[in-house]
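No value in this document is a laboratory result; all are computed from the given coordinates. The structure presented is a predicted model; accordingly, all values stated were derived computationally and were not measured. For neighbour counting, all protein chains shown are included, and Cβ atoms are generated from backbone atoms with ideal geometry for every residue, glycine included.
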Amino acid sequence: MSGLMVIDSPSGLIDYIIEYELESDEIKSIVAAPEDDFLVMHFGLALLIRHNFVLTDNDKVPHLIEQYYDYKDYKNKDKDRLFLLHPDDISYDISVLIRKRLLHG
């Protein structure tokens, strides 16, 4: 996982991506995409997230993981079993949250 950025909270990650990773035309595209447009979110923004940020390393991003489990309501699952977490799932969900933030502030 060397070279990946570590931001240990979903809100911090969302703030950083909006502030430093997205160009204005990308923001317009994300906002204009239909809410259920999986391809735009998964192969665009989620790909950027998955390839540039640590998402599943409990030693590096324990708060991000804990808050993600809470967001997904995984309270009854064994939180030590990180194989339940997949970077594709986390990056997609964070991209959806970024879109919501861009739309609603």
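Worth pointing out:
- Annotation: peptides 22-33, 47-58, 90-101, 62-73, ranked by per-residue average of other Cβ atoms within 10 Å with the highest first, follow the order 90-101, 47-58, 62-73, 22-33.
- Couplings for region 59-72, taken from phi via the Karplus curve 6.51 cos²θ - 1.76 cosθ + 1.60 with θ = phi - 60°, read 6, 9, 10, x, 6, 4, 5, 4, 5, 5, 4, 5, 4, 8 Hz in order; Gly and Pro are left as x.
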